[in-house]
1. Give ALA201, ALA189, ALA169, ALA158 a once-over and let me know the one that is closer than 25 Å to SER29 by Cβ, at pLDDT 95 or above and open to solvent by less than 20 Å² (accessible area, probe 1.4 Å).
2. In region 204-216, what count of residues is obtained for those that are exposed (fewer than 15 other Cβ atoms within 10 Å of the Cβ) and part of a loop (DSSP other than H, G, I, E, B)?
3. Please return the ranges of strands (runs of 3 or more DSSP E) entirely within region 1-105 where 1 or more residues are open to solvent by 80 Å² or more (accessible area, probe 1.4 Å) and either farther than 29 Å from LEU183 by Cβ or at pLDDT 95 or above (or both).
4. Could you count how many residues in region 184-233 are within 21 Å of GLY174 (Cα to Cα) and acidic (Asp, Glu)?
Amino acid sequence: MHIDAATTLVRTALLPRWPDAKVAIIGGSIARGEATPTSDIDLLLLFEHVDQAWRDTLKVGTQTVELFGHDLATFDYFCRVMDGPAGRMPLAAMVNDGVSVLPDSALLQRLRRHARQLYDAGPAPLTAEAMARQRYAITTLLEDLTDSTAPDETLAIAVHLYGALADFALRAAGAWSGHGRHLARRLKATAPVLAADLMAAMATLATQPEVAKATFDRAVRTTLAPHGGLLLEGLMLPAPAAWRSAEVPD
């Protein structure tokens, strides 16, 4: 769907349902001009106040709409507390890249300024413990992949390893991470050589598994090397003392 058609749909079919919305922004692939025939409309509605933020999936005819309802306080909370610690900032990116449906306003300008500040600040650096955890997880996945002989298991491990290594590379570089295609796009923009290697590994996994495994091995070792390399022995993670049941059933 073209952005003009999406804007018309939002104005005629959706905004009348929420007449108190002060800001309406279409984000995602439609706003960026990258829509496919099945692309959803990602729509952020901002109000003066909501009792609680919400997300809803709607159908308008055959068009799917992913709706996010917020006020400034819930928007900030979701960005800083819910998404930011995991290295993601989807709502702020939606505002930064999005197209406003309603006329310009002081609230829209304030939202755009805040979203830009949040996004431009970048994710918090990985702590030493978080980096060690990720190195350990990636190392164990690489070992599992190397030893795997069942095609279905090899594929499952490779998919997991792709995500873990891409996320680590982005976070270690101080860049925002993401899910799905957003992860692949951000990796390509931040670490194009690694992105190309992982794409080549995944592309050859079914027909040349040993070649793919060697590519994964090289990518993992190259990516982890500046941060201490592979990690297995030496990672000790004590659980909090309070993590115990008060009673254990007989």
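1. ALA169
2. Qualifying residue count for the region: 3.
3. Counting at least 1 such residues, we get 54-60.
4. Number satisfying all stated conditions: 1.
The values are calculated or read from the model by the stated rules, or taken from the named source; none is laboratory data. Just so you know, these numbers come straight off a predicted model, no measurement behind them. Cβ: placed from backbone, ideal geometry, glycine included. Neighbour counts: every protein chain shown. Calculation scope for accessible area: heavy atoms of the full protein, side chains included, ligands and nucleic acids excluded. Shrake-Rupley method; radii C 1.70, N 1.55, O 1.52, S 1.80 Å.
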